[in-house]
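K.L.:
Submitted below is the structure of interest, expressed as structure tokens.
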Amino acid sequence: MERAYKVYAINNGTVIDHIPTPLALKVVEILGLGNEGIFTIGVGFQSKSLPGGKDILKIENRILLESETDTIALIAPDATINIIKDGRVSEKRIISIPQSIYGVMQCPNPNCATNKLGAHRHFELEDKNTMTYRCQYCERVTEILPENLTAPE
Amino acid sequence: MSSFKGRNIISLRDMTTPDLWKIVTTAEEVKSGKHRGCLLDKTIASLFFEPSTRTRLSFESAVVKSGGSVFGFADPGSSSQKKGESFSDSIRTVTGYCDAMVIRHPVEGAARLASEVASVPVINAGDGANQHPTQTFLDLFTIYEEFGRLENLKIGIMGDLKYGRTVHSLTHAMSLFGAEMVFISPPSLEMPSTILSDLSDKGVHFRTAKTPEDAADMNLDILYVTRIQKERFGDPLEYKNVAHGYRIDRNTIASLGEQVRIMHPLPRIDEIAEEVDNTPNAIYFTQAHNGVPTRQALLGLVTGGIN
């Protein structure tokens, strides 16, 4: 039997679809949604474009900033993002990986000032093709790995 | 080239080719007697959160020779961090005591962080394995002084090329001046592939070699030697065998040609035989001495004592 709905529809807020399973919880983490408002998650739906399945995240009453939705592109570059107002899609947002990443990526170098001296995490895009970023403190170049992404500082 | 007055000197990555020229030519002017007293009435903080006798003494000599005064500490044991003060708070405090600060710290990125909280120029005197820009400036000045140019030189860089920040920075700097390079190292300490692919992308001519004699056909202008550290090898015998093959003596110079100049950031352990010291090929002590005019030039530029 066809499911009545996959995840409850929302009247106002942000819908993020086509997140590769199981990264929806990681998206919740890097957006810092933890204790803030209502969000619903659907995990492991079938998807033509994502053989391992897709997750859906619906955040009620919050329109994500572009800087936030671009951060999602780091782990889900093909995610689709719809902004919902009064029950209708008011904006289909195109996401692209950000030039700068603040706060959400931990430098993998344990001897970096961000890990040892309290410097605020800051990376700049080094190479778009390889999705590598350079830490602005220790200057190491690193690939984007979900395990290096954390809740915002 | 942006103005140097008030500028932080943190990483070679922030420097343009005209910037490097400005530092080298100003160092030459300082050495020839120009810009005397360029740090008069200036107070420089020398904050060494890890010991480094050579760099610290060279900076402190530079300040005193230029008429400035210097204060600070030579190891973290004498700083308030021992009492639990944060690094940023230490820097925020000291910034009110001085006109510029020189920082050495074992943590990578410490100088960058300091520059963000200080209201005076910060000069990085080494941050962990990351950057040590003034070493590269004095290397460039020494090369310029010896050859009268920086462009189109042939340079061999030898030793620990995997971990050595000095050789990484020098490689970057020399690539800006069209150098032809050969990287000489044991297989376990080769130049990182990321640096080699960067050089390829920039169209730099380079090759790799296992011994200096392998580069005998290049008529090298410079052989830049660095120390191979014992702690990089698990097996002491392997270290001994490798280190033995990386010792420069008069025979090495004969095979490379009498034109070659030998450089070394010091301290030397036994990678250059003492018999080389009194040859015209050895310029490593001049190189160490050039740290002083180079740092005088830099301090003068960032504090506005030199335009």
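K.L.:
Look through the range B:267-307, keep the residues that are without any contact (Cβ under 8 Å) to a residue 60 or more places away in the chain and of a type in the set (D, E, K, R), and return whichever of them is surrounded by the most Cβ atoms within 10 Å (Cβ to Cβ).
P.N.:
Per the criteria, the residue is B:R268.
K.L.:
Taking into account only those residues within the range B:235-256 that are touching a strand residue (DSSP E or B) at 6+ places or on another chain (Cβ under 9 Å) and in a helix (DSSP H, G or I), which is nearest to B:V182 (Cα to Cα)? Steps first, answer last, please.
P.N.:
Step one: list which residues in the range B:235-256 are touching a strand residue (DSSP E or B) at 6+ places or on another chain (Cβ under 9 Å), which gives B:246-249, B:252-253, B:256.
Cutting the leftovers down to in a helix (DSSP H, G or I) gives us B:252-253, B:256.
On the way: B:T252: 16, B:I253: 16, B:L256: 13 Å.
Residue satisfying both the conditions and the ranking: B:L256.
K.L.:
Let me ask another. Looking for whichever is over 14 Å from the mean Cα position of the chain (by Cα), over 26 Å from A:D127 (Cα atoms) and modelled with pLDDT under 90 here; the options are A:G37, A:G13, A:G32, A:G42. Which one fits?
P.N.:
Values: A:G13 fails: modelled with pLDDT under 90; A:G32 fails: over 14 Å from the mean Cα position of the chain (by Cα); A:G42 fails: modelled with pLDDT under 90.
When all the criteria are applied, what remains is A:G37.
K.L.:
If I filter the range B:90-129 down to residues being free of Cβ contacts under 8 Å to residues at least 60 places away in the same chain and hydroxyl-bearing (S, T, Y), which single residue comes out as farthest from A:C135 (Cα to Cα)?
P.N.:
Only one residue tops the list, namely B:Y97.
K.L.:
Give all pairs with beta carbons closer than 7 Å in which a residue from the range A:9-28 that is of a type outside the set (G, A, S) meets a residue that is surrounded by 19 or more Cβ atoms within 10 Å (Cβ to Cβ) and in a helix (DSSP H, G or I); count only pairs at least 6 apart in sequence or on separate chains.
P.N.:
From residues that are of a type outside the set (G, A, S), the pairs are A:I16/A:V27; A:I16/A:I72; A:I19/A:V27; A:V27/A:I72.
K.L.:
Could you grab me the full set of residues in the range A:130-152 that are away from every other protein chain (no Cβ under 14 Å) and part of a loop (DSSP other than H, G, I, E, B)?
P.N.:
The answer is A:M131, A:I144, A:L145, A:T150, A:A151, A:P152.
K.L.:
Tally time: how many residues in the range A:83-99 are assigned to a strand (DSSP E or B) and crowded, with 16+ Cβ neighbours inside 10 Å? Give the steps one after another, and end with the answer.
P.N.:
Of the range A:83-99, the ones assigned to a strand (DSSP E or B) are A:83-85, A:88-93.
Going one step further and asking which of them are crowded, with 16+ Cβ neighbours inside 10 Å, we end up with A:83-84, A:93.
Residues in the range A:83-99 being assigned to a strand (DSSP E or B) and crowded, with 16+ Cβ neighbours inside 10 Å: 3 in total.
K.L.:
Then there is this: Criterion first (part of a loop (DSSP other than H, G, I, E, B), surrounded by 13 or more Cβ atoms within 10 Å (Cβ to Cβ), assigned by TED's automatic domain parsing to the domain that holds B:S169 and touching a strand residue (DSSP E or B) at 6+ places or on another chain (Cβ under 6 Å)) does B:L199 satisfy it?
P.N.:
No.
K.L.:
Out of the residues in the range B:248-287 meeting the condition of being in contact with a Pro (Cβ under 8 Å, 6 or more places away or on another chain) and of a type in the set (A, V, I, L, M), tell me which one is nearest to B:K42 (Cα to Cα).
P.N.:
Per the criteria, the residue is B:I248.
K.L.:
If you go through the range B:211-225 one residue at a time, do you hit one that is at pLDDT below 90, out of contact with any Leu (no Cβ under 8 Å at 6 or more places or on another chain) and surrounded by 18 or more Cβ atoms within 10 Å (Cβ to Cβ)?
P.N.:
Initial filter on the range B:211-225 (at pLDDT below 90): none.
So far as the range B:211-225 goes, no, none of its residues is at pLDDT below 90, out of contact with any Leu (no Cβ under 8 Å at 6 or more places or on another chain) and surrounded by 18 or more Cβ atoms within 10 Å (Cβ to Cβ).
K.L.:
Moving on. Quick one: in the range B:16-54, which of the residues that are under 16 Å from the mean Cα position of the chain (by Cα) and modelled with pLDDT of 95 or more is farthest from B:H289 (Cα to Cα)?
P.N.:
My answer is B:D19.
K.L.:
Filtering the range A:100-129 down to residues that are in a loop (DSSP other than H, G, I, E, B), in contact with an Asp or Glu (Cβ under 7 Å, 6 or more places away or on another chain) and more than 10 Å from chain B (Cβ to nearest Cβ), which residue is surrounded by the fewest Cβ atoms within 10 Å (Cβ to Cβ)?
P.N.:
Within the range A:100-129, the subset in a loop (DSSP other than H, G, I, E, B) is A:103-104, A:106-111, A:117-121, A:128-129.
Those still in the list that are in contact with an Asp or Glu (Cβ under 7 Å, 6 or more places away or on another chain) too: A:103, A:109, A:111, A:120-121.
Narrowing further to those that are more than 10 Å from chain B (Cβ to nearest Cβ): A:103, A:121.
Values: A:G103: 16, A:R121: 22.
Per the criteria, the residue is A:G103.
K.L.:
List the helices (runs of 4 or more DSSP H) inside the range B:35-142, counting only whole elements, that have at least 1 residues being more than 14 Å from chain A (Cβ to nearest Cβ) and of a type in the set (V, I, T). First the steps, then the outcome.
P.N.:
Numbers: elements: B:53-65, B:87-94, B:110-117.
Qualifying helices (runs of 4 or more DSSP H): B:53-65, B:87-94.
K.L.:
Right, here's the next one. Could you pull out the residue among A:I81, A:I59, A:I41 that is in contact with a Gly (Cβ under 8 Å, 6 or more places away or on another chain) and farther than 30 Å from B:F87 by Cα? Break it down into steps so the answer makes sense when it comes.
P.N.:
Details: A:I81 fails: in contact with a Gly (Cβ under 8 Å, 6 or more places away or on another chain); A:I41 fails: in contact with a Gly (Cβ under 8 Å, 6 or more places away or on another chain).
Unique residue meeting the criteria: A:I59.
The values are calculated or read from the model by the stated rules, or taken from the named source; none is laboratory data. Note that this is a predicted model, so its numbers are computed, not measured. Ideal geometry is used to build each Cβ from the backbone, glycine not excepted, and the neighbour counts take in all protein chains shown.
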